[in-house]
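The next block holds one structure in the form of structure tokens; read it before the comments.
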Amino acid sequence: MFCRSGVFCARRLFYTENVRFYAGVFQKSARLKPANATVDYIKAKLGSNRPPSVEEWGNIRSSILNERRFNDNNVDSIVLGLCPNLGIGKSYVGYMQEKGLETNLAIVGKLLRLYRLTEDPLTDQDEADIWRMYSELREQNSVLDANTCEHAINALTLTKHWKHSLELLEMIKIIGTPDSSSYNCIATKAFLSGEDAIGWAMLKEMCDNKRLPNDETFLSWLEYSRRDGQPFAKNVEKMLQFTNDNSVFLSKHLGNVLKSLPKESGVIAQETRVTDNGKCSNCKGSLASIVVTEESFQKLKEKFLEAIFVNKEIFNRTTPDELRRFQNFLKKTTPYDVVIDGLNVAFSSGNQKSPTVYAQQVAAVVRHYVRQKKRVLVIGRQHMDKWRSKEMKYIRENSFLFLTEDLSQDDPFLLYAALESGPQTDFFSRDLMRKHSFMLGDTVSGIFKRWQQEHQYSLLSILPDGRVMIKAPFKYELYAHKSIDNRWHVPLVECGYRIPRVEKQSEWLCLSIAQAE
């Protein structure tokens, strides 16, 4: 079906003098999708393993062309993108050949990617087809766009020619950052090929670029580690240490693999629960505590101040006069034991309540800390000054209160006050502070997250008698780590590469790993 005489002939690129432009063309283009009804119709037609007939392919193609957004230049790429497996994809390319329809980069790229979806082992002919298509692409195009590079990497890493993917990875970097799939495919193939140095380099680079390893990559490392001459237990420990160093979680699936290891592997993994006090129910040991050192805290504080005064990133919705007013306020009133985001607390039970209810919420939290003899700062906005009630009177008389302009953001003031007050100060808010963490850069962002984990409290509920239920931070290591007693404690998530938020997990493994003599 795939003769060398041009079935996969892609259009020659004319942008070699502007590599950066062309490499990003497909990335920047809007990815059109047919209407849901059209997609459902096509999926139903392609649901069986039987490839559609020529007539059926024509009907499928026409169903997309009936939507005005699509034309002869993009319809075939859309159809191929909806093909569920390699056999169906090859059938459509055969249909295109029979009808004399032109193929292009997008068509060849999507067909290449379908090779990774096949459930059967690749045949020698499959590998030959992949290499032929890739070779033709490179012969006719000195530079490939990022999407085509990613598709080609997915296919090449199934073959003995996988190292050509490293060149494609560099080509993607010309315009942007490679996707997780590209890194994972290369790392997986590198481990399975015994090129562990390349595999770990890919894993480190992807984590540095905020991409996450998937199960297949770690499983390939474990498979490599089972080979004769490999120190299996030591290699498992290397994997766990990598997840700690790069803030990566393992999935429950990988946890099951570790639990099923035989004793002779040197790794014994058992399910466990971890209490809020950091105790393991299996070994009765304690998790490592989260502690931000004085040196790290000062580095975080300096970087935060730099973002305020030099880069002007954090207080970009605050006037210079307001910032000066706040700084003068801090000089007169610091230090605090806790800084409270007033509106965050006020609206914790909904934003359709009366001002009296809002004030009651804030007053209840202030009262909780005042009873503990804490110095409290409440950050709010000027419209809170209209909340005339005995609760607001209590807040003013028992805590420090700073009201920003109504258009200002609360979080920067909250963080500034907490950092300025010192390393022992806590803050009270449900906000995840992701934006501010991102602005601080990769190195300091890690310190910020640890400081946040150690010092952030939030409101759960207020009981009828006025007592408050508070969510205290989990002040222990959130990622896989070795305890003092030489045991590893490993948190497990549903999918290691899809982490909605970083928080204490409910499922853990307690591992003992045999030490090499």
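The values are calculated or read from the model by the stated rules, or taken from the named source; none is laboratory data. If you're wondering where the values come from, they're calculated on a predicted model, not measured in any experiment. Counting neighbours? That spans all protein chains shown, and the Cβs are built from the backbone with ideal geometry, glycine included. These accessible areas exclude ligands, DNA and RNA; they are computed on the full protein's heavy atoms, side chains included. Shrake-Rupley method; radii C 1.70, N 1.55, O 1.52, S 1.80 Å.
Of everything listed in (1) over 14 Å from Glu167 (Cα atoms); (2) open to solvent by less than 40 Å² (accessible area, probe 1.4 Å); (3) among the hydrophobic types (A, V, I, L, M, F, W, C); (4) not in a helix (DSSP H, G or I), the single unmet condition for Val143 is (1).
The residues of segment 404-424 that are open to solvent by 20 Å² or more (accessible area, probe 1.4 Å) and either at pLDDT below 90 or over 23 Å from Leu305 (Cβ atoms) (or both), listed by number, are Glu405, Asp406, Leu407, Gln409, Asp411.
Scanning segment 352-373 for residues that are free of Cβ contacts under 8 Å to residues at least 40 places away in the same chain, under 37 Å from the mean Cα position of the chain (by Cα) and either within 14 Å of Asp337 (Cα to Cα) or surrounded by fewer than 21 Cβ atoms within 10 Å (Cβ to Cβ) (or both) yields Gln352, Lys353, Val366, Tyr369. Scan segment 269-281 and give yes if some residue there is of a type in the set (Asp, Glu), open to solvent by 20 Å² or more (accessible area, probe 1.4 Å) and assigned to a helix (DSSP H, G or I), otherwise no. No, the conditions are met nowhere in segment 269-281.
Of the residues making up segment 224-257, just one is closer than 23 Å to Glu494 by Cβ and acidic (Asp, Glu), namely Asp245.
Considering only residues that are open to solvent by less than 20 Å² (accessible area, probe 1.4 Å) and within 18 Å of Val93 (Cβ to Cβ), look in segment 59-76 and name the one that is farthest from the chain's Cα centre (by Cα). Walk me through how you get there before you give the answer.
To start, the set of residues in segment 59-76 that are open to solvent by less than 20 Å² (accessible area, probe 1.4 Å) comprises 60, 64, 70, 75-76.
Checking which are within 18 Å of Val93 (Cβ to Cβ) leaves us with 60, 64, 75-76.
Values: Ile60: 36, Ile64: 33, Val75: 32, Asp76: 32 Å.
Here the answer is Ile60.
Across segment 183-209, the number of residues qualifying as open to solvent by less than 10 Å² (accessible area, probe 1.4 Å) and under 21 Å from Asp442 (Cα atoms) comes to 3. If the condition is being free of Cβ contacts under 8 Å to residues at least 24 places away in the same chain and in a helix (DSSP H, G or I), then segment 62-93 contributes Ser62, Leu65, Val75.
What is the residue count in segment 425-467 for residues that are assigned to a loop (DSSP other than H, G, I, E, B) and open to solvent by 60 Å² or more (accessible area, probe 1.4 Å)? If you could, list the steps in order and put the result at the bottom.
Applying the first criterion (assigned to a loop (DSSP other than H, G, I, E, B)) to segment 425-467 yields 425, 429-433, 440, 463-467.
From the residues that got through so far, the ones that are open to solvent by 60 Å² or more (accessible area, probe 1.4 Å) too are 430, 432, 464-465, 467.
Count: 5.
For segment 413-454, what are the residues that are of a type in the set (D, E, K, R) and over 20 Å from Lys504 (Cβ atoms)? Glu420, Lys435, Asp442, listed by residue number. Report yes if some residue within segment 334-342 is in a helix (DSSP H, G or I), within 18 Å of Asp410 (Cα to Cα) and among the acidic types (Asp, Glu); otherwise report no. Within segment 334-342 (the criterion being in a helix (DSSP H, G or I), within 18 Å of Asp410 (Cα to Cα) and among the acidic types (Asp, Glu)), the answer is no, since none of the residues qualifies. In the set (1) closer than 20 Å to Arg430 by Cα; (2) of a type outside the set (Asp, Glu); (3) crowded, with 19+ Cβ neighbours inside 10 Å, Phe400 fails one condition alone, (1).
Candidates Thr157, Thr118: the one that is touching a Lys or Arg at 6+ places or on another chain (Cβ under 6 Å) and not basic (Lys, Arg) is Thr157.
Among the residues making up segment 94-117, a single one is surrounded by fewer than 16 Cβ atoms within 10 Å (Cβ to Cβ), out of contact with any helix residue (DSSP H, G or I) (no Cβ under 7 Å at 6 or more places or on another chain) and in a helix (DSSP H, G or I): Lys99.
With the structure loaded, tell me whether Arg324 is at negative phi, not aromatic (Phe, Trp, Tyr) and not in a loop (DSSP other than H, G, I, E, B) or whether it fails that test. Let's see the steps before the verdict.
Values: at negative phi: yes; not aromatic (Phe, Trp, Tyr): yes; not in a loop (DSSP other than H, G, I, E, B): yes.
For Arg324, the condition - at negative phi, not aromatic (Phe, Trp, Tyr) and not in a loop (DSSP other than H, G, I, E, B) - is met.
When we screen Leu212, Leu254, Leu250 for residues that are open to solvent by 40 Å² or more (accessible area, probe 1.4 Å), hydrophobic (A, V, I, L, M, F, W, C), within 30 Å of Asp179 (Cβ to Cβ) and within 20 Å of the chain's Cα centre (by Cα), the only hit is Leu212. Can you tell me which residue in segment 237-247 is farthest from Leu222 (Cα to Cα), limited to those that are at pLDDT 95 or above and surrounded by fewer than 16 Cβ atoms within 10 Å (Cβ to Cβ)? Among those that are at pLDDT 95 or above and surrounded by fewer than 16 Cβ atoms within 10 Å (Cβ to Cβ), it is Gln241.
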